[in-house]
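Everything below concerns the one structure shown next.
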């Protein structure tokens with residue numbers, strides 16, 4: 001059976017990974033400028049991954065980064081952090097705190113939404129939502 005709709009087009013490279021990495025780089029720069037110390041990037045466990053774990057003062061900050069290209073059809077980057085994703089991030093944060101002995105620290109969950117221009121590939125908008133959930 002030939003189901004070409006489920007196959008990737010070999011002539012069109014999938015650049016979502018590169019776009020996501022670009023968004024994370026911009027988010028890290030923004031956090032550093034805001035006085036955060038980056039503890040981990042892409043911290044993984046069996047439940048998933050935390051994009052950025054930072055510290056700001058005495059507070060542990062878990063940051064979900066969402067990057068979209070301009071003119072997309074699937075809503076804004078910030079809107080994509082739905083209730084299911086929030087639960088997942090909280091669960092992984094609990095695992096992280098158990099694994100690192102940081103339980104009991106004050107925590108904050110932020111979202112950084114990054115918009116990349118579809119034509120030039122440059123970051124055109126950064127929206128840091130502190131204590132997003």
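Criterion first (exposed (fewer than 15 other Cβ atoms within 10 Å of the Cβ) and farther than 22 Å from residue 55 by Cβ) does residue 104 satisfy it? Walk me through how you get there before you give the answer.
Values: exposed (fewer than 15 other Cβ atoms within 10 Å of the Cβ): yes; farther than 22 Å from residue 55 by Cβ: no.
When the stated conditions are applied, residue 104 does not pass them.
Picking from 84, 118, which residue would you name as being free of Cβ contacts under 8 Å to residues at least 12 places away in the same chain and not in a strand (DSSP E or B)? Even if it seems obvious, please write down each step before you answer.
On the way: 118 fails: free of Cβ contacts under 8 Å to residues at least 12 places away in the same chain.
Answer to the check: 84.
Give segment 108-133 a look and list any residue that's within 19 Å of residue 44 (Cα to Cα) and surrounded by fewer than 17 Cβ atoms within 10 Å (Cβ to Cβ), or say none.
108
Among the numbered criteria (1) part of a strand (DSSP E or B); (2) out of contact with any strand residue (DSSP E or B) (no Cβ under 7 Å at 6 or more places or on another chain); (3) modelled with pLDDT under 95, which one does residue 125 miss?
(2)
Over 18 Å from residue 129 (Cα atoms), modelled with pLDDT under 95 and outside any helix (DSSP H, G or I), is that true of residue 42? Even if it seems obvious, please write down each step before you answer.
Details: over 18 Å from residue 129 (Cα atoms): yes; modelled with pLDDT under 95: no; outside any helix (DSSP H, G or I): yes.
Spelling it out, it is not the case that residue 42 is over 18 Å from residue 129 (Cα atoms), modelled with pLDDT under 95 and outside any helix (DSSP H, G or I).
Has segment 27-37 got at least one residue that is exposed (fewer than 15 other Cβ atoms within 10 Å of the Cβ), free of Cβ contacts under 8 Å to residues at least 60 places away in the same chain, closer than 30 Å to residue 120 by Cβ and in contact with a helix residue (DSSP H, G or I) (Cβ under 8 Å, 6 or more places away or on another chain)?
No, because not a single residue in segment 27-37 is exposed (fewer than 15 other Cβ atoms within 10 Å of the Cβ), free of Cβ contacts under 8 Å to residues at least 60 places away in the same chain, closer than 30 Å to residue 120 by Cβ and in contact with a helix residue (DSSP H, G or I) (Cβ under 8 Å, 6 or more places away or on another chain).
The values are calculated or read from the model by the stated rules, or taken from the named source; none is laboratory data. Quantities reported herein were computed from a predicted structural model and do not represent experimental measurements. Cβ coordinates were reconstructed from backbone atoms using ideal geometry, including for glycine residues, and neighbour counts include every protein chain displayed.
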